[in-house]
Amino acid sequence: MKISVNSISSDQARSLPDGKFGFGRIFSNHMLTRTFTDETGWQDAEIQPYGPIPMNLSMSVLHYGQEIFEGTKAYRRPDGKINLFRIDQNIKRFNRSAVRMELPIMDEEEHLEAIVSLIELDASWVPDSPDSSLYIRPTLVSSENTIGSLNANEALFFILLSPVDPYFATGFNPISVFVEDEYVRAVRGGVGEAKTGGNYAASLHATDKAIKAGYKQVVWLDAIERRYVEEMGGMNICFVYGNKLVTSPLTGTILPGITRDSLLILAQDLGYETEERMIDIHELIADIKSGVCTEAFACGTAAVIAPIGKLGYKGEDVIVNNNEVGAMTRHLYDELTGIQFGRIPDRFGWTLQIG
């Protein structure tokens, strides 16, 4: 694949800001775009200065929400080089989401080449401060100018880069979450396992309600019985029972998180047991109260691992582990971030070095 580069001029180039980045509000100097049509297939990619692009209000994605995206990160290593973490799995998931949303798939090697090329150009935007990283957002949208067709005969692929701090401003401290039992996010046979914007749009109202009530995130229950724990607004959720890590199974309604999968592998490597099973919310609450369930945490690319200290359910707040970070949660966090940032050896072959 040919990638043309229209680099920003030196007098217009911006440097990585000092201080806090927040999450997803600052973008690097460049972006990458690539187009697809049924007639020509995928065109060559172009790297250009970050900024607006021309678009028509008839672009089909604006009317039907036919789009997908991915989220991964670049990490600054102690030796100054850059790590990508399990990027191959993000690319594979991207194509699975594309198939579900009737969008064109992209050659995996070309997708990787696009990401690496953009990061190499904007390598100075990978932070070297602890726990900060460069968030990578590949996106694919249906771009045909029509409001009558639901098939993606034309598509636009693009990649944005954004330096970010931890997803939760509180850092690696316990958060409070609200168990939602009125609204639902996804059902079996739907698009819950695809990384598409509609899944997140469906969560916004309940999340806003939870935040206004003093919580940080929503925990979703299954859509049929409103009984089984599934995932959170933008990440998976795990529970600790003694020496065992427990999480919900991939039934088609939740995102197959790469962080989730990594933690299941890592936990076993560290000598913990793991179990994927349906988690009844009533049993979970009872287990937390009795001390059988000792820890809880959210996990995902954005949050990495976020300890949970309080669950709100049906007007009652249930405290987990005295609202403190648990031992297994801390152990997994230190090991996972150690591999991601290159602070400890990668014994799984999960990282790809740049530079």
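Assuming charge only on the beta carbon of Lys and Arg (+1) and of Asp and Glu (-1), the dipole of the stretch 3-164 about its Cα centre is about 740 debye to the nearest 20. Loop-resident GluC sites (Glu not before Pro) (DSSP state other than H, G, I, E or B) in the stretch 126-235 with no more than 16 further Cβ atoms inside 10 Å of their Cβ: Glu182, Glu225. Scaling against 2.2 N^0.38 Å puts the C-alpha radius of gyration of the chain at 1.01.
Seen against the Cα atoms of the chain and their longest principal axis, helix 258-269 is set at about 50 degrees. Taking each DSSP H run with n ≥ 4 as -39500 (n - 2.57) and averaging over every residue of the chain yields -7000 deg cm²/dmol at 222 nm.
To the nearest ten degrees, helix 281-290 and the longest principal axis of the Cα atoms of the chain are 60 degrees apart. Taking all Cα-Cα distances within the stretch 1-44, those exceeding 15 Å account for 61%.
Multiplying each eigenvalue of the alpha-carbon gyration tensor of the stretch 175-340 by 5 and taking the square root yields semi-axes of 23, 19, 15 Å, largest first, rounded to whole angstroms.
Axis angle, to the nearest 10 degrees, between helix 327-340 and the longest C-alpha principal axis of the chain: 20 degrees.
I need the shape label for the stretch 262-355. Rule: rounded when a/c is under 1.5, else prolate if a/b > b/c, else oblate, with a, b, c from the alpha carbon gyration tensor. Judged from the Cα gyration tensor, the stretch 262-355 comes out prolate (a/c at least 1.5, a/b above b/c). For the pair Asn145 and Glu283 in one chain, pulling the backbone fully straight at 0.36 nm per residue adds 44.6 nm over the alpha carbon distance.
Beta bridges from DSSP with both residues in the chain: antiparallel share about 80 percent, rounded to the nearest 5. Computed with the Debye formula from one identical point scatterer per Cα of the stretch 3-164, without solvent, the log10 of I(q)/I(0) at q = 0.12, 0.14, 0.17 Å⁻¹ comes to -0.55, -0.73, -1.04.
All of the numbers you see were taken from the coordinates with simple rules; none came from a lab. Here the structure is a predicted model, which means the values were calculated and not measured. Glycine gets a Cβ as well: all are built from the backbone with ideal geometry, and neighbour counts include every protein chain shown.
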